[in-house]
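Bear in mind that the values in this text are calculations on the coordinates, not laboratory data. None of these values were measured; they are calculated from a predicted model. Positions of Cβ are backbone-derived with ideal geometry, glycine not excepted, and every protein chain shown enters the neighbour counts.
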Amino acid sequence: MNTALNAARRAEDIAYLTSNPTDIDLVVIGGGITGVGIALDAVTRGLNTVLLERRDLGFGTSRWSSKLAHGGLRYLAKFEVGIALHSAKERGLLMEHNAPHLVRALPQVALLGADTNLVQKAAMRMGFIAGDMLRIAAGTSSSVLPRSRFAGKKETLSLCPTASTDKLHGSWVNYDGQMIDDARIVTAVARTAAGEGARIITQAEVIEAHGTGVTIRDGLDGSEFSISAQAVVNATGVWAGVVDPEIKVRPSRGTHIVVDAATVGHPTGALTVPLPGSISRYVFLLPQQFDRVYIGLTDEDTPGPIPDVPPTPEDDIEFILEAINRGLGTKLTRKDVIGAFTGLRPLIDTGGDGSTADLSRRHSTIEAPNGLISIVGGKYTEFRLMAEEAIDEILQRKGLRAGPCRTRSLPYVGAPNHPAMLRVAKADLAQLPASLVERYGYEAPAVVAEAEIERPLDRVAGLDITRAEIAFAVTHEGALTVDDVLDRRTRIGLVERDRTAAYEEVNSIVQAVRAHTE
């Protein structure tokens, strides 16, 4: 079971495709969370599977989320009970089976103070009770995801030290799932699929696609070749309409800002502040790795061409600051913002003129006249379910035979019950930096052992990340460039000053590892 992705394996996979252009069962276009989820589901059912990504794993929307494995609470307010329950079930699978090393419980703190009115306070409590019922219905243990509760003023300020104390009586505390990082889960799913035999190829642009084949341009050498397949699926998110012009996607812009954790007292809980007049939309102050805090998010209609990296409007930053300051005693200013990021949600255009916040997050499977199948819409947390349903439908539409879905309890690489991790003891993890273990789980000892570089446990640019992790990104996680490492395998690049400080050392490690392995 070889889960390593690197330049050498990429070359081998391309050589296989050019030598065996008619042996493929399924081609997946797109290396975001939906694409890698589909590839994993397909290959574990026995389908000869190839995933093609024109840039890098997690390059698009999949790296711009709030890093929450949502239980679907928000969708109850819109009476989308099905989405809410599916989300709760998928969150439970991630936390208990698939990726317990990458998703953990996060206390969400809703103040009982001057920042909310009585209706909002009551609505939040009723919502949290409904969230408990969702957790129970989903079968998720309270030892994994605790039940909601009241916290007194002292505990509230312990969780969120700079929360407003104006008329503060305490808070409602609800628990949701938090990813260590969204792009890291994409990589983990892709590597798990590779371990099962899928061919995961980045820097491979699909320049023509139809129901039984694709033409590919190699992004490294510019060569072009074609392969045929029993089925081709378009999982390119907001770019779905580029691959199939018949598809209409209505992108919704979600922006977060980044501040130093010290600025808001190093919170351990996620401050949750409702928008004025709303009982279903909130801004969140979310503790993150590298001593950072992300605050967001927006939900704005964003028509027009889809950029590779969406810019962040200054109006979004001001909106978030104004919204979160309603719940803070120590107000944030523009000078406190050290970074920002914006993602585009791939919502299905239903033809209305209303707000994108009102559009459903349901996903759809659409078949073009030429037989190309596209998966559009959906939520990050539901990627496994989306993949299962997509493969079920592809098998039916194309008349293919395959085994049953195996992904409900399938552990991703790094999970304690993954076959490659069974010999790793907790004592082995205790000897390593806690942040390394948080990002790699039971694979952490291998990250250090595989690092053929000097000073593998030294920190990079003063950040809580080791040199070994940079090397591992190249040797095992498919990073081909320095940008792949800075912006996807790690999240150093989210803050420009961190990126600048780390660039020379990261580049040196990347070049040294490539020279050693090529």
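Extension gain Phe225-Ala501, at 0.36 nm per residue separation less the Cα-Cα distance, in nm? Please list the in-between numbers first.
Working: separation 276, 0.36 × 276 = 99.36 nm, distance 4.01 nm.
Fully extending the segment from Phe225 to Ala501 adds 95.3 nm.
Extension gain for the segment Asp428 to Ile366, taken as residue separation times 0.36 nm less the Cα-Cα distance, is 17.6 nm to one decimal.
Volume of the convex hull of segment 423-517 (Cα atoms only), normalised per residue: 90 Å³. Candidate cross-link partners of Lys379 among the lysines, defined by an alpha-carbon separation under 23 Å and a same-chain spacing of 8 or more, comprise Lys67, Lys78, Lys89, Lys248.
For segment 445-518 versus segment 12-38, the spacing of their alpha-carbon centroids is 27 Å. Here Lys121 is the anchor, and the aspartates and glutamates within straight C-alpha reach of less than 19 Å, apart from those fewer than 8 places off in the same chain, are Asp132, Glu155, Asp166, Asp176.
Computed from the Cβ-Cβ distance with R0 of 51 Å, the FRET efficiency linking Asp308 to Gln396 stands at 0.90. Counting only lysines at least 8 places from Lys426 when in the same chain, there are none with an alpha carbon closer than 17 Å to its own.
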